[in-house]
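Right, one structure below, let's go through it.
The values are calculated or read from the model by the stated rules, or taken from the named source; none is laboratory data. Quick caveat: nothing in here was measured; it's all calculated off a predicted structure. As a convention, Cβ positions derive from the backbone with ideal geometry for all residues, glycine included, and neighbour counts pool all protein chains shown.
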Amino acid sequence: MYILSIHFGHDGAFSISKNNELLMHCQLDRFNRVKHSCKLSNSVLIYFQSLKIIFNFVIFTDLEEKDNVQDEYYLRKAFSKLKLINKHTQFINFANKQNRQHHLFHAYCSMVTIGSNEKYVVADGGGIVDETYEYEWESVYDKNFNLVSKYNKQIGVYYGSVTAELFNTTYKEGFYLCGKTMALSQYGNKIIKSASNLTEEKNNTECQNFLYSLQKEAEKDLLEIMPKENVNYTGGVAQNILANYHFLKYKNFKIDPICIDSGISLGLLNYFLKGNLKKLNNVYLGPLPNYADINIFKDFDIVDSDENKVAKLLKDNPVALFQGRSEQGQRGLGNRSLLINCFNNKAIEKINAIKNREWYRPFSPSVIEEKSHILFDMQGKVSPYMMYVFKTKQNLSNVSAVDRSSRVQTVNKNQNINYYNLLKASDGILLNTSLNFPGQVLVENLHDLKFMFINSPLKYAWLPDINKLIIKR
């Protein structure tokens, strides 16, 4: 039985399963190239057609109610024309009042990405929590997904609204920029109640102190609602890695790596399957690359290479790492990553010639597990998804924030063998940032990679799947 699940809200995504096993999960913006977009573009439909699957069920959520009939009509018509469905295919709309349970879908997503638990905590910018259609912001479910507590602290709402003011943008856009606010908050050191002028300037200490106060208030509120053990934590607020630091000491505490709304289609699918969707081992879930497209690099040099040769290049140069199925979520985790040796004195300068990151936003490291506890205070933990910060034990200024905290990704052989081998050949650690331009979508295919080559100083990309190094002339 094949099921297609689609989330049509912001950070839209689709998930495909066969007989309770996930075949694929991918964000829609990886296809339509508009960040956070939920558009079901022609490129997505063409991809569905290439799979040669006839779906038994098409389930979807987060359409605006006024558009439900028209959108479902469009889906049926388009899918029928592409022979994705037959007369027996059932369409089920989870966007209506009875079925739209946004927080519950977040919780069910975490069950697939990190396993089951005794409690599920969702802290979000907002969402429907159950069939009563009540709009809430933080909620707690038991192991059977019964709602046991709901709160109105509006942690994400307040953080997003301050962020919108800081960057002079809309309330909705403010949610997408909260990571910048969190980074700037690390430059504050004093609790204040208000600030007259929110700006990014280095000398605006009043703003930095106000954002520091905002961050501390968010941490306080989260600590008040969070159970002390046996928790799956998800929802957009779970991206706040500074707050997550407090939960390192909690027993059996796990954070959903696809905690934003791009995980809703996955949660909906698991909900539809009554919690029986098989647990995942990683988030490398996107489509496989089409290496037949390598001929688009005919004006580049393409040579054989391995991790040792690439490690030598990384000592002085940024190198794109492109391999396998793309990681889903907010982080480049070694399949679509931009790397450089983090001990190079000009590492930030060279990476920023491509990324153009703001002065206050730190870069992060990937490190092999066996060396992680030597370089960072890991508190006995591993961090495969970059969902926590850890204090550095050594001077690692290129991959840590002003307070010497670092958003670490730990890597082992089973998790990503090619990346592990490259890290090991590079003294065990590299600066790792997502393979994209600022404000744009993560690279998905070879055409996206070529776009980065053409529009930046990027000179090298390693494709370990085919043991090739692409070099821009």
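Here are the numbers for the structure shown:
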read-out: Subset tally (residues that are within 21 Å of Tyr419 (Cα to Cα) and outside any helix (DSSP H, G or I)) for region 448-473; value: 14
read-out: Yes/no for Lys312 being farther than 20 Å from Ile470 by Cβ and among the basic types (Lys, Arg); value: no
read-out: Only one of Asn295, Asn270 that is under 30 Å from Gln49 (Cα atoms), surrounded by fewer than 18 Cβ atoms within 10 Å (Cβ to Cβ) and at pLDDT 95 or above; value: Asn295
read-out: Exclusive hit being in contact with a Gly (Cβ under 7 Å, 6 or more places away or on another chain), more than 22 Å from Val129 (Cα to Cα) and not hydrophobic (A, V, I, L, M, F, W, C), set Gly188, Gly174, Gly236, Gly179; value: Gly174
read-out: Extreme residue, surrounded by the fewest Cβ atoms within 10 Å (Cβ to Cβ), among residues of region 125-174 that are of a type in the set (Phe, Trp, Tyr) and part of a loop (DSSP other than H, G, I, E, B); value: Tyr133
read-out: Meets criteria (surrounded by fewer than 17 Cβ atoms within 10 Å (Cβ to Cβ) and in contact with a helix residue (DSSP H, G or I) (Cβ under 9 Å, 6 or more places away or on another chain)) for Asn345; value: yes
read-out: Matching entry among Leu422, Leu430 (being assigned to a strand (DSSP E or B), on the phi < 0 side of the Ramachandran plot, at pLDDT 95 or above and among the hydrophobic types (A, V, I, L, M, F, W, C)); value: Leu430
read-out: Sole residue being farther than 26 Å from Glu219 by Cα, in contact with a helix residue (DSSP H, G or I) (Cβ under 9 Å, 6 or more places away or on another chain), basic (Lys, Arg) and modelled with pLDDT under 95, chosen from Lys83, Lys97, Lys150; value: Lys97
read-out: Strands (runs of 3 or more DSSP E) (entirely within region 249-345) containing at least 3 residues that are among the aliphatic types (A, V, I, L, M); value: 319-322, 336-340
read-out: Boolean, Tyr73 is farther than 16 Å from His7 by Cβ, in a loop (DSSP other than H, G, I, E, B), at pLDDT below 95 and more than 27 Å from the chain's Cα centre (by Cα); value: no
read-out: Residues located in region 411-432, provided they are buried (at least 23 other Cβ atoms within 10 Å of the Cβ) and either of a type in the set (A, V, I, L, M, F, W, C) or touching a Gly at 6+ places or on another chain (Cβ under 7 Å) (or both); value: Val411, Asn416, Tyr419, Leu422, Leu423, Ile429, Leu430, Leu431, Asn432
read-out: Search result, residues across region 235-291 that are among the basic types (Lys, Arg), in contact (Cβ under 8 Å) with a residue 40 or more places away in the chain and under 28 Å from Gln154 (Cα atoms); value: Lys249, Lys254
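Matching residues to (1) among the polar types (S, T, N, Q); (2) touching a His at 6+ places or on another chain (Cβ under 8 Å); (3) assigned to a helix (DSSP H, G or I):
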| site | (1), (2), (3) |
| --- | --- |
| Tyr360 | no, no, no |
| Asn395 | yes, no, no |
| Ser406 | yes, no, no |
| Asn418 | yes, no, yes |
| Phe437 | no, no, no |
| Val443 | no, no, no |
